[in-house]
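Data first, discussion second: the structure below is written as structure tokens.
Every number in this text was worked out from the coordinates using simple rules, so none of it is lab data. Not measured: the values here are computed from a predicted model. Counting neighbours? That spans all protein chains shown, and the Cβs are built from the backbone with ideal geometry, glycine included.
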Protein chains: 2
Amino acid sequence: MRAIQTVVIVGSGNVASHLAFAFKEVGIQLLGIYSRHYENAQELAAKTGVKAIRNLQEIPLDADAYLYAVNDVVLPEVLKNSPDIEGLMMHTSGTVGLDVFPDRFKRTAVFYPLQTFTKDKEVDFSAIPILIESKNKADLKLIDALGRNLSTSIRITNSEQRKQIHLAAVFACNFSNYMFYIAQDLLQEKGLDFNLLKPLINETVDKINTLSPAESQTGPAKRKDFATLNKHLEMLKHNPVYLNIYHSISEQIQKINSK
Amino acid sequence: MRAIQTVVIVGSGNVASHLAFAFKEVGIQLLGIYSRHYENAQELAAKTGVKAIRNLQEIPLDADAYLYAVNDVVLPEVLKNSPDIEGLMMHTSGTVGLDVFPDRFKRTAVFYPLQTFTKDKEVDFSAIPILIESKNKADLKLIDALGRNLSTSIRITNSEQRKQIHLAAVFACNFSNYMFYIAQDLLQEKGLDFNLLKPLINETVDKINTLSPAESQTGPAKRKDFATLNKHLEMLKHNPVYLNIYHSISEQIQKINSK
């Protein structure tokens with residue numbers, strides 16, 4: 001089977017955009033970009049020098065692969081409205097299995113880059129794990145080769161494993177970012193500058209590269225410093241949401257055994 | 001008044017150790033290290049080539065400054081048992097005010113490095129904000145000069161501001177680290193490797209340097225992807241603690257307005 005050299009992108013969000021740019025950069029030819037919102041397809045198509053596709057039925061049928069990078073919620077419907085495609089069908093979701101593809105698609109797969117993609121923030125794909133899975137074994141080699149254009153870390157991962165990794169990623173990335181959000185909000189309340197915390201945040205993450213999270217854990221809860229814990233709860237009295245988060249996480253941290 | 005050239009360290013934990021090494025490196029002379037646990041004082045003293053002090057009453061009385069880097073809970077008692085010291089008394093706590101010092105100490109101050117210190121993990125002090133405060137204005141200049149030996153970011157901060165910054169730091173550092181802990185725990189459950197998440201965690205923090213936390217926020221809660229949210233809650237059913245954290249944080253993230 002020939003290597004994947006031509007791809008159609010379905011979707012125009014962060015994952016679709018970053019992958020479109022990344023593929024283009026390594027010489028994968030993009031045969032078209034479709035989005036449910038045609039203006040978005042046009043915008044991304046213009047940036048990448050690719051053709052925007054207005055209707056799913058107008059998708060070119062001769063691409064080697066089709067990358068569906070759309071919201072999990074709309075993926076089933078977008079697939080349902082897609083024409084009969086013989087090329088390799090791939091989605092980019094952490095939580096959706098291969099069974100999302102209707103039976104009429106014979107070559108189905110997952111191409112899930114484990115990363116947080118934000119608009120207007122370039123990412124270096126080379127270290128990003130790409131979790132791959134496919135219905136047919138033969139396709140796995142093609143997807144692996146496609147991924148190796150972008151990254152050195154391609155992992156064959158079944159749906160159950162991928163779902164667990166995605167769940168863990170929500171805590172590690174989305175929820176840690178929300179902790180930064182609360183910190184900024186608390187500083188703003190008193191007219192203080194979030195930049196103050198950046199060295200601390202950078203060190204917090206730097207530790208992860210050499211220590212386990214249990215070994216890295218510091219702070220009043222870890223020290224069982226109840227005087228400070230009580231002062232903090234008192235300071236959060238006016239904000240029941242932050243109070244509850246502070247209380248429940250501190251309770252858990254006290255139970256961590258770092259030895 | 002002469003610049004601070006000689007310091008006695010009270011305490012032997014992470015903050016005391018890192019500051020002892022940092023001071024020594026920039027040529028501040030350490031006249032002794034006291035710890036309630038004499039063996040700990042001995043250990044740190046041996047590493048820094050300093051004299052270990054067995055009793056608080058044996059603290060040299062001729063140092064320019066005394067750095068009390070002990071747990072907030074024991075600080076009042078350690079101060080109570082200290083001899084009458086005429087040099088500058090400093091503590092390193094984020095949450096404790098100047099009023100912790102008994103009245104018999106006339107020159108009192110705070111020297112709070114805003115960083116997470118972990119045993120056996122060196123930190124670069126140069127970018128660490130050091131929040132300073134003092135009872136007498138004249139001392140503030142001395143403390144500022146002392147801090148500038150270590151860092152370019154010395155901030156005069158009153159107790160109320162420092163407490164709020166410390167509270168924000170608990171979210172930004174201790175609680176985000178706990179999110180990494182949960183992530184690792186979830187991966188271990190299925191025999192998966194935490195290293196997989198490191199590029200994601202590094203990118204999560206890298207974003208903080210160019211985007212606000214609200215702009216950086218991604219994930220199923222941000223997208224209001226209820227299909228994924230429900231799947232995740234289902235996957236966490238066996239762990240009510242993680243389930244509760246997932247639920248309450250996701251609910252809050254949905255309310256973030258990033259515009």
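Summary table below
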| read-out | value |
| --- | --- |
| Magnitude of the charge dipole, the stretch A:58-105, Cβ model with Lys/Arg +1 and Asp/Glu -1, debye to 20 | 140 debye |
| Dipole in debye (nearest 20) - chain A, about Cα centre, beta carbon charges: Lys, Arg +1; Asp, Glu -1 | 500 debye |
| Chain B - percent relative contact order, Cα under 8 Å, separation 6 or more | 12 percent |
| Label 7 Å beyond Cα on the Cβ vector: residue B:190 copy-to-copy distances, nm | 4.1 |
| Alpha-carbon Debye profile of chain B, log10 I(q)/I(0) at 0.08, 0.10, 0.15, 0.17 Å⁻¹ | -0.43, -0.63, -1.05, -1.22 |
| Teacher prompt: residue A:122 distances to equivalent labels in other copies, 7 Å Cα→Cβ, nm | 3.1 |
| Fraction of alpha-carbon pairs over 15 Å apart in the stretch A:1-77 - percent | 48 percent |
| Chain A: angle of helix A:176-189 to the longest principal axis, Cα-based, in degrees nearest 10 | 50 degrees |
| Cut-off under 5 Å, modelled amide H: who pairs with residue A:32 long-range | A:9, A:51 |
| Local electrostatic count, residue B:141, Cβ distance below 15 Å [Lys/Arg +1, Asp/Glu -1] | +2 |
| Between the stretch A:37-92 and the stretch A:166-190, the alpha-carbon center distance in angstrom | 33 Å |
| Simple Cβ-charge dipole of the stretch A:100-231, Lys/Arg +1 and Asp/Glu -1, about Cα centre, in debye nearest 20 | 500 debye |
| ³J(HN,Hα) computed for each position of the stretch A:192-202 - Karplus, 6.51 cos²θ - 1.76 cosθ + 1.60, integer Hz, glycine/proline x | 9, 8, 4, 4, 3, 8, 5, x, 5, 5, 4 |
| Base-10 log of normalised Debye intensity for the protein assembly as shown (one unit scatterer per alpha-carbon) at q = 0.09, 0.11 Å⁻¹ | -0.70, -0.92 |
| Least to most buried among A:112, A:242 (fewest other Cβ within 10 Å first) | A:242, A:112 |
| Residue order, fewest to most surrounding Cβ atoms within 10 angstrom, among A:171, A:101 | A:101, A:171 |
| Under-5 Å amide H pairs with residue B:108, H placed in peptide plane, nonlocal only | B:89, B:135, B:136 |
| Å³ per residue enclosed by the Cα convex hull of the stretch B:171-215 | 73 Å³ |
| Lysine pairs with alpha-carbon atoms under 30 Å apart, the stretch B:2-123, spacing 8 or more or separate chains | 15 |
| Set of aspartates and glutamates near residue B:255 by C-alpha distance (under 15 Å), chain-local residues within fewer than 8 positions excluded | A:185, B:215, B:225 |
| Exam field: residue B:237 pseudo-label spacings to other copies (7 Å along Cα-Cβ), nanometres | 4.1 |
| Compactness relative to 2.2 N^0.38 Å, alpha carbon Rg of the stretch A:93-229 | 1.39 |
| Rounded tilt (10° steps) of B:159-169 against the dominant C-alpha axis of chain B | 40 degrees |
| Degrees, to the nearest 10: A:240-253 long Cα axis against longest axis of chain A | 90 degrees |
